[in-house]
Amino acid sequence: MKRCSIIIHSVSGNCFIIGSYLKELMEQRSVDARLYRVEDPDLHIWANKQETTNDFYEDILALPVASLSTLLKSDMVILGSPTRFGNITAEMKTFLDTTLPLSKERSLETKFFACFTSCSHSTCEGAHTLNALIYWSQNMGMLHIPYGVHEEIENLDQPVAGIVHLAGKEDSIRPSEQLGQEMEVYADILSAYIQE
Ligand SMILES: Cc1cc2nc3c(=O)[nH]c(=O)nc-3n(C[C@H](O)[C@H](O)[C@H](O)COP(=O)(O)O)c2cc1C
């Protein structure tokens, strides 16, 4: 089976929920899907003061930490990061900055790539985050698979680049059935590239 590594950073749990569901969807489509996290040394502080972090704190910590070998062993890499001022988080950036040798060696060239984000209120700001992640994948020579246009889905509010979740001011609007439909469509598209 081809391997798909989903690597997340998540503080309030939304990227964790999306990543977990995507893993499930990819597994249902005969893909060896695995979920990883990037390191976040401050997460315990957030868990102490924010209920949304506390909800998934142990589940997030239980995930294996992604490394360069995670990327090298994957046929497809999916990155999920919260949006911070229209960009990825410092923690996701720190992980991506460790990949410089892989870009020089072109070790990830021709592997498939996809991405998602969660933000509070702005699909537009989320789209900037997706672009930052895609730009990293282009540096690696990876092949980005977009979400695309889907008129069959009723409430059309996704950028073509990937998945954006809107969590609201308190981060407490968890990914919905609507987003679930969009993710199913995206899982169909993504798995088609690596199904055996
Ligand atoms: C420092 C900071 C900056 C943020 N910037 C944005 C932003 O530019 N646009 C937005 O819609 N949400 C913004 N947010 C909200 C987060 O993207 C939101 O909490 C997201 O759901 C977190 O994902 P998670 O639940 O996986 O941690 C920001 C949050 C923080 C803490």
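The values are calculated or read from the model by the stated rules, or taken from the named source; none is laboratory data. The shown structure was predicted, so the numbers you read here are calculated from the model rather than taken from an experiment. We place every Cβ from the backbone using ideal geometry, glycine too, and count neighbours over all the protein chains shown. The accessibility values were calculated without ligands, DNA or RNA, using every heavy atom of the protein model including side chains. Shrake-Rupley method; radii C 1.70, N 1.55, O 1.52, S 1.80 Å.
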Practice problem: Enumerate by residue number the GluC sites (Glu not before Pro) in region 103-185 meeting two conditions: DSSP loop (anything except H, G, I, E, B), and at most 13 other Cβ atoms within 10 Å of the site's Cβ. | Solution: Glu109, Glu151, Glu152, Glu154, Glu170
Quiz item: Based on the inverse mean of 1/r over its pairs of different Cα atoms, what is the Kirkwood hydrodynamic radius of the chain, in Å?
Solution: 16.6 Å
Self-check item: Tensor-based shape of region 92-172 (alpha-carbon gyration tensor, a/c under 1.5 rounded, otherwise prolate or oblate)
Solution: oblate
Exercise. Using amide H atoms built 1.01 Å from N in the peptide plane, name the residues 5+ places from Tyr36, or on other chains, whose amide H lies under 5 Å from its own.
Key: Ile6, Ile7, Ile8
Quiz prompt | the chain, accessible area per residue, ligands and nucleic acids excluded (1.4 Å, Å²) | solution = 48 Å²
Quiz item: Ordered by residue, what ³J(HN,Hα) values in Hz, to whole numbers, does region 56-62 give under the Karplus form 6.51 cos²θ - 1.76 cosθ + 1.60, where θ = phi - 60° and Gly and Pro are x?
Solution: 10, 3, 5, 5, 5, 5, 6
Quiz item: Which residues in region 44-72 have a backbone N closer than 16 Å to a point placed 7 Å from the Cα of Thr94 along the Cα-to-Cβ line?
Solution: 44-47, 61, 65-68
Quiz item: Amide H of Lys111: which non-local residues (sequence gap of 5 or more, or other chain) have their own amide H closer than 5 Å, using H built in the peptide plane?
Solution: Leu143
Quiz item: What residues have an amide H closer than 5 Å to that of His165, excluding those fewer than 5 places away on the same chain, when H is modeled at 1.01 Å from N in the peptide plane?
Solution: Thr117, Ser118, Cys119
Practice problem: Determine the shape class of region 1-94: with a ≥ b ≥ c the square roots of the Cα gyration tensor eigenvalues, call it rounded for a/c under 1.5, and otherwise prolate if a/b is greater than b/c, oblate otherwise. | Solution: prolate
Quiz item: What percent does the relative contact order of the chain come to when contacts are Cα pairs within less than 8 Å and at least six residues apart?
Solution: 24 percent
Quiz item: Ignoring ligands, DNA and RNA, what percent of the 1.4 Å accessible area of region 17-74 is carbon and sulfur?
Solution: 49 percent
Quiz prompt | region 1-50 and region 149-196: distance between their alpha carbon centers, rounded to Å | solution = 15 Å
Self-check item: Taking the C-alpha atoms of region 1-49, convex hull volume expressed per residue in Å³
Solution: 53 Å³
Quiz prompt | Whole-Hz couplings from phi, Karplus 6.51/-1.76/1.60, listed for region 115-132; x for Gly and Pro | solution = 7, 8, 8, 10, 9, 7, 9, 10, 4, 5, 5, x, 5, 5, 4, 4, 4, 5
